[in-house]
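Reading through the structure tokens given below for one structure.
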Amino acid sequence: MTKKFWIGLIIIFIIALIGVSYQKFLKNPHCAYDGSPITPIYEVDIVLKEKSTKKFCSIYCATQWFKNNVTLIDHVIVTDEIRGNKIDSYMAYFVESELITNETNDNRIHVFQQRQDALTHAEKFHGTMTDDPFSLDE
């Protein structure tokens, strides 16, 4: 086999490796709790007092991290599942239902910007309205 063949093969291998790395590690953010890829419609951002942000793949992961780090947190931003709008958690409506958003952690809590959307989801998927899991009572 010629030298050009081996150089070409190495170049192809390097390009493939860069492509896979980009897709797996750089393109989509990963959950700060369990490392899962984050689906934008279920994203939760926890803004810390020192102004950095932790990103999570679901309400479940965010609440697990929240419980152990509550003193570091400034506020929590959740994503409305209908419109994709990011809103502060204290303005959102939460529903716990039978619909699972993340098979890995069995997350069943859903976020809505409008009360009517939350009530519709609760009726459709046998759910109940629930309190903000990120309330910072000081």
Completion exercise
Within region 97-130, residues open to solvent by less than 40 Å² (accessible area, probe 1.4 Å) and in a helix (DSSP H, G or I) come out as ASP117, ALA118, HIS121, ALA122
Problem - Some residue of region 86-96 being under 14 Å from THR39 (Cα atoms), assigned to a strand (DSSP E or B), touching a helix residue (DSSP H, G or I) at 6+ places or on another chain (Cβ under 8 Å) and aromatic (Phe, Trp, Tyr) - result: no
Completion exercise
Checked region 31-45 for anything in contact (Cβ under 8 Å) with a residue 12 or more places away in the chain, more than 20 Å from ARG83 (Cα to Cα) and open to solvent by less than 70 Å² (accessible area, probe 1.4 Å); matches are CYS31, ALA32, ASP34, SER36
Practice task
Run VAL76 past the list (1) among the β-branched types (Val, Ile, Thr); (2) under 23 Å from GLY127 (Cβ atoms); (3) out of contact with any Ser or Thr (no Cβ under 6 Å at 6 or more places or on another chain) and report the number of the one that doesn't hold.
Solution key: (3)
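The values are calculated or read from the model by the stated rules, or taken from the named source; none is laboratory data. Predicted model, so just to flag it, every value in this text is computed and none were measured. A quick note on method: Cβ atoms are made from the backbone with ideal geometry, for glycine too, and the neighbour counts reach across all protein chains shown. All accessible areas refer to the heavy atoms of the entire protein, side chains included, with ligands and DNA or RNA removed. Shrake-Rupley method; radii C 1.70, N 1.55, O 1.52, S 1.80 Å.
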